[in-house]
Every structure is written in C-alpha cells, then in structure tokens.
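The values are calculated or read from the model by the stated rules, or taken from the named source; none is laboratory data. In this text, all values refer to a predicted model and were calculated from it rather than measured experimentally. Heads up, the Cβs are rebuilt from the backbone with ideal geometry, glycines too, and the neighbour counts pull from every protein chain shown.
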Amino acid sequence: MSHLAIELHWQRTENELQTGKFSNEHTVQYNSTYDVQVDAAPDWGGDAANTNPEQALASALSSCHMMTFLALSAKAGWPVASYHDYAEAHLGKNAKGQMSVTRIDLNPVVRFDTGFSVDAEELAQMQDRAHRYCFIANTLADSVEINIH
C-alpha cells in the first residue's frame, strides 16, 4: 500500500508553554516543497488567515470526492468540463460528547461540454457512487452530506 506523508513543524515563540497563552500556528509541508501555514480554527483562537485542520479535512474530502467523480465520469463517457465545490466542515459534539467534525457538506456543481446533459437522478446516482468509492469518505463513514447543485 501507499505511504503518503507530510512534515509538520511547530516552534514555541513564548517564554513558557502555558495553557491558553501559546500559539498553535505551525507549518505543514507537502512533498518537501509546499508549505501551508496552519493554526487552530478562529473560534479556538487561531488566525483566520491560516488554514485549520477542519478546513484541511473538508478539503481532503472535497478533492477525493471530485477525483472519484471525474474517474467515474470518464469511464461512463461523461464529458465533464468543470467541477466546483463548496465544502463546509461543521464542528460540534459527537455521540461521546467530544468535540469533533460532526458533518461535512459537499456542494458540487458540475458542468458538461455543450450539447451533453444528464438528468438530476443520473447525476445524483453518480455523485452517490463517487461518495461510496472515495477513500476519504470511507474513512469518515456517515458524516458527509452531498448537496447537488
């Protein structure tokens, strides 16, 4: 199986590590090339200019779902011209009473080449198949909603 890794680096900038008095800002590096500034979500004291783990999770799901949808569409001969998604992670308490990402909503908008169309039911079935085959969705289980536009 594949081994897919990132590197994470955090360095304390305060004199001491004290509860509520240190920065969570850190860098995540992908493929030894791309650095992304990451912080806690703004509601938890993070800098809104940086991404946060909850956004990164929504991004991973949205990307995986799109790539799975495109692979299935290519196999079916659907000429997808563009794909746009607005993914939103929702924070709350899970069944154990712990804070978690309780749901991620995907809102894909798919456009096809001129002259090609599918009906809403066919599109919904293909989106459902993409969800069932998406590696990240399979990892997250039942916490995903797909709202087709």
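Is it true that V110 is buried (at least 16 other Cβ atoms within 10 Å of the Cβ), within 25 Å of D128 (Cα to Cα) and touching a strand residue (DSSP E or B) at 6+ places or on another chain (Cβ under 6 Å)?
Yes; evaluated as a whole, the condition is true for this residue.
Cβ contacts < 7 Å: first residue under 25 Å from F112 (Cα atoms), restricted to region 126-140; second residue at pLDDT below 90 and not β-branched (V, I, T), any location; separation 6+ or different chain. Result?
Here the result reads H131/A137, each pair linking region 126-140 to a residue that is at pLDDT below 90 and not β-branched (V, I, T).
Residue by residue through region 33-50, note down the ones that are closer than 13 Å to H9 by Cα and either touching a Pro at 6+ places or on another chain (Cβ under 6 Å) or among the hydrophobic types (A, V, I, L, M, F, W, C) (or both).
V36, V38, listed by residue number.
Which one of these does F69 not meet: (1) of a type outside the set (D, E, K, R); (2) free of Cβ contacts under 8 Å to residues at least 40 places away in the same chain; (3) outside any strand (DSSP E or B)?
Among (1) of a type outside the set (D, E, K, R); (2) free of Cβ contacts under 8 Å to residues at least 40 places away in the same chain; (3) outside any strand (DSSP E or B), F69 violates only (2).
Among the numbered conditions (1) modelled with pLDDT under 95; (2) surrounded by 15 or more Cβ atoms within 10 Å (Cβ to Cβ), tell me where W44 comes up short.
The one condition W44 does not meet is (2).
Which of the residues that make up region 1-54 are more than 20 Å from L91 (Cβ to Cβ), part of a loop (DSSP other than H, G, I, E, B) and of a type in the set (D, E)?
Selection gives E14, E16.
Just checking, which of N147, N94 is modelled with pLDDT under 90 and touching a Leu at 6+ places or on another chain (Cβ under 8 Å)?
N147 is the lone residue from the list that is modelled with pLDDT under 90 and touching a Leu at 6+ places or on another chain (Cβ under 8 Å).
Take V101 and decide whether it is more than 29 Å from A5 (Cβ to Cβ) and in a strand (DSSP E or B).
No: the conditions fail for V101.
Just a yes or no: is a residue in region 72-87 assigned to a loop (DSSP other than H, G, I, E, B), free of Cβ contacts under 8 Å to residues at least 24 places away in the same chain and not assigned by TED's automatic domain parsing to the domain that holds Q37?
Within region 72-87 (the criterion being assigned to a loop (DSSP other than H, G, I, E, B), free of Cβ contacts under 8 Å to residues at least 24 places away in the same chain and not assigned by TED's automatic domain parsing to the domain that holds Q37), the answer is yes, since at least one residue qualifies.
In region 47-73, what count of residues is obtained for those that are more than 30 Å from A124 (Cα to Cα) and either loosely packed, with under 12 Cβ neighbours inside 10 Å or acidic (D, E) (or both)?
Result for region 47-73: 3.
If I ask for residues that are surrounded by 14 or more Cβ atoms within 10 Å (Cβ to Cβ) and either more than 21 Å from the chain's Cα centre (by Cα) or at pLDDT below 90 (or both), which ones from region 81-90 would you list?
Passing the criteria: none in range.
For region 6-39, enumerate the residues that are among the hydroxyl-bearing types (S, T, Y), surrounded by 14 or more Cβ atoms within 10 Å (Cβ to Cβ) and out of contact with any strand residue (DSSP E or B) (no Cβ under 9 Å at 6 or more places or on another chain).
Listed by number, the list holds a single entry, S23.
Take the residues in region 91-121 that are among the acidic types (D, E) and within 19 Å of N147 (Cα to Cα); name whichever of them is nearest to the chain's Cα centre (by Cα).
Selected residue: D105.
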